[in-house]
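Take a look at the structure below.
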Amino acid sequence: MNKIRAAIKGIGGYVPPDILDNFELSRMVDTSNEWIMQRIGIKERRILKEKGKATAYMGTKAIKELLKKTNTAPEEIDFLICGTITPDMPFPAVAQIICDKAGLINAYGYDINAACSGFVFALETGRRFIESGACKKVVVLGADMMSAITNYEDRSTCPLFGDGAAAVLLEPTNEDVGIIDSILKVDGSGAKLLHLYAGGSLHPASYETIDRKQHFVFQEGQNVFKFAVSKMAEVSVEIMQRNNLTHNDIKYLVPHQANLRIIDATARRMEINRDQVMINIEKYGNTTAATIPLCLWDFENNLKKGDNLILTSFGAGFTWGSIYLKWAYDPKK
Ligand code: UT7
């Protein structure tokens, strides 16, 4: 009998309706559409503006769509795992709030904090719960409301980020599809280059941390850029080599959407063409844990059963990794 694998059986997503484009941003800080398009590749991003709504709201919307599309009752879900660095509050976890809001009354769940690698790390965890036989229906969510931790007076970070959420349903399969291999890495020494300084146990919120604007993303962009290119390419090439894949075998590279130049450099090192890369950075920006599942959501109808995909991410921590999977279903007619 074939080994049990975890297969993605559906995808749901949600982005808020409000758009913040480069022209509006240029009125807020000293920047321009040309600079942002050339250096990052983002045209606009979605911002969750409704009062009283945050990451769990977007995640609930994405999961409700996923359950509807896959004809799954909320009570059937065993486990919800959520990649996020922008939980509604330090506790309870977004996953726990969503179990209530989406009616996942038989599930348990928790959040994974791996920044832009949140979805990839969560997917690997979900995979193991399915392969071990512990769970039959697992929802893996990537959701972030980056606008809550972005300083809209800092031109070096505010063009980068947007809000969004997307989720996949994982189920066991005996077929030759599903998640095949993964390489995940961390290097905590990267914390000094990319972090959110205050609001944790080391620097709790105070008048001083607020005055110093330490509750927003801090990034040394150029240094992070170099790590992102080399690390994403390194693990993606390694996963191709150890699974005997050449660029011709790959239908899509699904990279984290932080910067179009990082995506292009990673694809070049894998000898993959632009038309083999899922790119939607121009319309959503960097939604942190949500970028990879939002790509799958946007490109779902281009995918066929058996297609080889490589997912790859790089983010704060540092965290990075690649997952090799075979897509498990054909587009719905
Ligand atoms: O998702 C998690 C991982 N994060 C990433 O992967 C992000 C990695 N880093 C990046 O994507 C890029 O480093 C950025 C997009 C953040 C910045 O691009 P860069 O090409 O590295 O620019 P830079 O920081 O080296 O700045 C170049 C110049 C500077 O001016 P001077 O010193 O040369 O006069 C900046 O002040 O561009 C200036 N600049 C801007 N100009 C117009 C920085 N931000 C802006 C801006 N508009 N928004």
Within the range 245-279, can you find the residues that are assigned to a helix (DSSP H, G or I), in contact with a Ser or Thr (Cβ under 8 Å, 6 or more places away or on another chain) and open to solvent by less than 70 Å² (accessible area, probe 1.4 Å)?
Thr266
Is at least one residue of the range 294-309 crowded, with 17+ Cβ neighbours inside 10 Å and either closer than 19 Å to Phe225 by Cα or within 12 Å of the ligand (Cβ to nearest atom) (or both)?
no
Search the range 28-55 for residues being under 30 Å from Gln96 (Cβ atoms) and open to solvent by 40 Å² or more (accessible area, probe 1.4 Å), and hand back the single one that is nearest to the ligand (Cβ to nearest atom).
Arg46
In the range 141-164, which residue that is out of contact with any Ser or Thr (no Cβ under 7 Å at 6 or more places or on another chain) and outside any loop (DSSP other than H, G, I, E, B) is farthest from Tyr197 (Cα to Cα)?
Leu141
Residue ID - least open to solvent (accessible area, probe 1.4 Å), chosen from residues in the range 67-82 that are assigned to a loop (DSSP other than H, G, I, E, B) and not hydrophobic (A, V, I, L, M, F, W, C)
Thr72
Which residues, counting only those in the range 232-244, are touching a residue at least 40 places away in the same chain (Cβ under 8 Å) and buried (at least 18 other Cβ atoms within 10 Å of the Cβ)?
Met232, Val235, Ser236, Ile239, Met240
Can you tell me which residue among Pro92, Pro17 is farther than 23 Å from Leu325 by Cβ, in contact with a strand residue (DSSP E or B) (Cβ under 8 Å, 6 or more places away or on another chain) and either part of a loop (DSSP other than H, G, I, E, B) or modelled with pLDDT of 95 or more (or both)?
Pro17
Identify the single condition in (1) closer than 30 Å to Lys43 by Cβ; (2) within 16 Å of the ligand (Cβ to nearest atom); (3) in contact with a helix residue (DSSP H, G or I) (Cβ under 7 Å, 6 or more places away or on another chain) that Val168 does not satisfy, given that it satisfies every other one.
(2)
Please indicate, with yes or no, whether at least one residue in the range 220-236 is of a type in the set (Phe, Trp, Tyr), touching a Phe, Trp or Tyr at 6+ places or on another chain (Cβ under 7 Å) and part of a strand (DSSP E or B).
no
Taking Ala115 as meeting all but one of (1) away from the ligand (no atom under 16 Å from the Cβ); (2) under 17 Å from the mean Cα position of the chain (by Cα); (3) at positive phi, write down the number of the exception.
(1)
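The values are calculated or read from the model by the stated rules, or taken from the named source; none is laboratory data. This is a predicted model, so every value here is computed, not measured. Because the Cβ atoms are built from the backbone with ideal geometry, glycine has one as well, and the counts that use them run over all protein chains shown. Ligands, DNA and RNA are stripped out before the accessible areas are found, and what is left, the full protein with its side chains, is counted by its heavy atoms. Shrake-Rupley method; radii C 1.70, N 1.55, O 1.52, S 1.80 Å.
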